[in-house]
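A.B. asks: Before anything else, here's the structure in question.
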Amino acid sequence: MIEMHVASDKDELGRQAAALGAQAIREAIARDGAASIIVATGASQFEMLSHLVKAEGIDWSKVTAFHLDEYVGLPETHPASFRRYLRERFLAPLNDAPTFVPVDGEGDVQANVAKLNSLIAGRRIAVCFAGIGENCHLAFNDPPADFDTEDPYIVVALDDACRHQQFGEGWFPNFEAVPQRAISMSIRQIMKSELIVLSVSDTRKAQATKAALEGPVSNLSPASILQKHPRTVLFIDPAAASLLTRKG
């Protein structure tokens, strides 16, 4: 079962999620001398990242950070670029101390994917920070998600619900401007993480959260696969939890 903590508001949600993730990073560095992590982007991660970069006791020079996804064909200068998002919200406050492995959706996409797959292969991932999409996607694995591929990163088609979410969050001037393809970390690679820290807020995520936590495990509700993960911890606000039968 996915562990759940209902926070009073988004800031408290972010504080709690960052605290748990930071502890996992500290423990990995103490154990192995280094830590590999996965960071997420989007509106759901604003508060978590703002607290994570202030966490005490982490030697960020010993951290390698991968991220979940990036649009195909989008330059890093674009406001919606996830590489740009992480450089501004995660790397800059830490003076670029973590080793950052960007997902590059420009140029030779297949070559970029192959490079990413070789870089992450065999790594012990201490923590994966993530969210749940309005269509219950996990990273950019929209329904019906591929639950079987062993490739760490894959090229995916974005469905209209996902693209409408990106437009609705204000990342693009209109729906037509939202790319139709992306590079995404695969479901199986995400599931290899020792700890998955989910941050989910707002009423618009309520239906997807219910499907992920209380529905059947199905590739039509991709985040439902987390019911099978040994240590996924969800931090959620009352709005996103409003449709759940569970209260804790």
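A.B. asks: Tally time: how many residues in the range 190-204 are open to solvent by less than 10 Å² (accessible area, probe 1.4 Å) and part of a helix (DSSP H, G or I)?
C.D. replies: 1
A.B. asks: So, one more: What are the residues in the range 205-248 that are assigned to a helix (DSSP H, G or I), small (Gly, Ala, Ser) and in contact (Cβ under 8 Å) with a residue 60 or more places away in the chain, if any? Walk me through how you get there before you give the answer.
C.D. replies: To start, the set of residues in the range 205-248 that are assigned to a helix (DSSP H, G or I) comprises 205-214, 222-228.
Keeping just the survivors that are small (Gly, Ala, Ser) gives 206, 208, 211-212, 223-224.
Within the range 205-248, Ala208, Ala211, Ala212, Ala223, Ser224 meet the criteria.
A.B. asks: Which members of the range 97-155 meet the condition of being touching a Pro at 6+ places or on another chain (Cβ under 8 Å) and over 27 Å from Gln165 (Cα atoms)?
C.D. replies: Scanning the range 97-155 gives Asn117, Ile120, Ala121.
A.B. asks: Just checking, does the range 129-141 include any residue being without any contact (Cβ under 8 Å) to a residue 24 or more places away in the chain, more than 26 Å from Ser36 (Cβ to Cβ), open to solvent by 50 Å² or more (accessible area, probe 1.4 Å) and out of contact with any strand residue (DSSP E or B) (no Cβ under 9 Å at 6 or more places or on another chain)?
C.D. replies: Going residue by residue through the range 129-141, those that are without any contact (Cβ under 8 Å) to a residue 24 or more places away in the chain are none.
Checked the range 129-141: no residue is without any contact (Cβ under 8 Å) to a residue 24 or more places away in the chain, more than 26 Å from Ser36 (Cβ to Cβ), open to solvent by 50 Å² or more (accessible area, probe 1.4 Å) and out of contact with any strand residue (DSSP E or B) (no Cβ under 9 Å at 6 or more places or on another chain).
A.B. asks: Scan the range 48-73 residue by residue and report those that are open to solvent by 10 Å² or more (accessible area, probe 1.4 Å), among the hydrophobic types (A, V, I, L, M, F, W, C) and over 18 Å from Thr99 (Cβ atoms).
C.D. replies: Scanning the range 48-73 gives a single hit, Val72.
A.B. asks: Yes or no: Gly105 at positive phi and either at pLDDT 95 or above or not hydrophobic (A, V, I, L, M, F, W, C) (or both)?
C.D. replies: On the way: at positive phi: no; either at pLDDT 95 or above or not hydrophobic (A, V, I, L, M, F, W, C) (or both): yes.
So Gly105 does not fit the description; no.
A.B. asks: Which residues, taken from the range 142-153, are more than 14 Å from the chain's Cα centre (by Cα) and surrounded by 23 or more Cβ atoms within 10 Å (Cβ to Cβ)?
C.D. replies: Selection gives Ala145 alone.
A.B. asks: Would you confirm whether any residue within the range 34-47 is touching a Cys at 6+ places or on another chain (Cβ under 9 Å) and over 10 Å from Ala126 (Cα atoms)?
C.D. replies: Of the range 34-47, the ones touching a Cys at 6+ places or on another chain (Cβ under 9 Å) are 37-40.
Going one step further and asking which of them are over 10 Å from Ala126 (Cα atoms), we end up with 39-40.
Taking every residue of the range 34-47 in turn, at least one turns out to be touching a Cys at 6+ places or on another chain (Cβ under 9 Å) and over 10 Å from Ala126 (Cα atoms).
The values are calculated or read from the model by the stated rules, or taken from the named source; none is laboratory data. Not measured: the values here are computed from a predicted model. Positions of Cβ are backbone-derived with ideal geometry, glycine not excepted, and every protein chain shown enters the neighbour counts. Side chains included, ligands, DNA and RNA excluded: accessible areas come from the protein's heavy atoms. Shrake-Rupley method; radii C 1.70, N 1.55, O 1.52, S 1.80 Å.
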